[in-house]
Amino acid sequence: MNRLDKLFNNKKENILSIYFTAGFPKIDDTVKIIKELEENGVDLIEIGIPFSDPVADGATIQESSKIALQNGMTLKLLLSQLKNIRQEVEMPIILMGYLNPIMQYRIEKFCADIEKIGIDGLIVPDLPFDLFIKDYKELFAKYNLHNINLITPSTSNDRIKLIDEHSTGFIYVVSSASTTGTKQLDDSVLKNMFNKLQNIKSPTLIGFGISDKQGFNNACNFANGAIIGSAFVKTIGENMSVKEYINSLFV
């Protein structure tokens with residue numbers, strides 16, 4: 001069974017997912033950060049593949065991606081770094097990346113290679129949903145990879161229903177129409193999203209604008225858990241303690 005399925009089968013609430021950019025702040029930090037996150041109680045990790053034009057990301061993650069690329073991080077190098085990760089880490093790992101580098105790598109080779117590593121899923125924000133259904137859904141399933149689809153406050157009820165039908169793993173609920181790290185959570189938006197998602201079968205995690213314990217707890221009132229990205233990237237970029245930051249979300 002895919003590790004994401006195990007996670008959501010065994011834990012229904014207060015799931016904490018952390019995003020960070022591969023190769024940031026230093027090129028060899030990736031595995032160290034993964035291990036620290038698991039040791040400190042994180043449930044799920046989302047590793048960002050650096051890209052020169054990360055359109056869904058705000059300033060903090062864009063800057064981390066720029067630095068990672070300057071450090072020499074590439075998709076090939078990231079997969080090399082993760083080659084033996086399953087000898088050290090049990091938690092689910094998903095990769096977040098844009099379509100262009102994945103296509104350059106060759107998409108089926110990419111899927112085959114990350115399955116061998118033990119990656120559990122993908123978030124590809126610029127992969128059109130209709131194209132995913134038509135061309136890639138069966139390919140991802142062949143390699144036991146969950147494609148994580150995104151829902152925003154402007155997504156229609158009909159579209160939500162369709163996304164739910166074709167989703168595996170979980171649905172990423174975007175808390176605003178902005179890029180990552182640009183706004184704090186808006187309770188009225190969350191309540192509206194919660195009402196729209198009442199009848200879906202897929203687990204949900206809320207992302208964008210979550211940085212502290214209050215935001216995490218608030219998001220967990222409306223979904224199975226939350227995703228923290230920009231705040232954690234800022235934490236490691238300032239050489240602050242991973243342990244202290246993660247503990248601050250629970251204590």
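All of Asn40, Asn71, Asn100, Asn84 fail the test of being polar (S, T, N, Q) and free of Cβ contacts under 8 Å to residues at least 40 places away in the same chain, apart from Asn84. Evaluating Phe110 against the criteria (1) under 17 Å from the mean Cα position of the chain (by Cα); (2) buried (at least 20 other Cβ atoms within 10 Å of the Cβ); (3) within 28 Å of Ile85 (Cα to Cα) leaves one unmet condition, (1).
Contact annotation: residue pairs with Cβ atoms under 6 Å, 6 or more positions apart or on different chains, pairing a residue in region 210-225 that is under 16 Å from Pro153 (Cβ atoms) with a partner that is buried (at least 22 other Cβ atoms within 10 Å of the Cβ) and not hydrophobic (A, V, I, L, M, F, W, C), are Ala223/Thr204.
Given the condition surrounded by fewer than 16 Cβ atoms within 10 Å (Cβ to Cβ) and within 18 Å of the chain's Cα centre (by Cα), answer yes or no: does some residue in region 59-73 qualify?
yes
Residue pairs whose Cβ atoms lie under 9 Å apart, separated by 6 or more positions or on different chains, with the first residue in region 168-193 and more than 21 Å from Val233 (Cβ to Cβ) and the second at pLDDT below 70, are Asp186/Ser176; Val189/Ser176. If you go through region 145-155 one residue at a time, do you hit one that is among the polar types (S, T, N, Q) and under 14 Å from the mean Cα position of the chain (by Cα)? Taking every residue of region 145-155 in turn, at least one turns out to be among the polar types (S, T, N, Q) and under 14 Å from the mean Cα position of the chain (by Cα).
Check Ser248, Ser230, Ser211 and return the single one that is farther than 22 Å from Gly58 by Cα and modelled with pLDDT of 90 or more. If you could, list the steps in order and put the result at the bottom.
Values: Ser230 fails: farther than 22 Å from Gly58 by Cα; Ser211 fails: farther than 22 Å from Gly58 by Cα.
None of the others qualify; the one that does is Ser248.
For residues in region 35-56 being small (Gly, Ala, Ser) and modelled with pLDDT of 95 or more, which is surrounded by the most Cβ atoms within 10 Å (Cβ to Cβ)?
Gly48
The values are calculated or read from the model by the stated rules, or taken from the named source; none is laboratory data. All of these numbers come straight from a predicted model, not from anything done at the bench. Note that we place each Cβ from the backbone using ideal geometry, even for glycine, and neighbour counts take in every protein chain shown.
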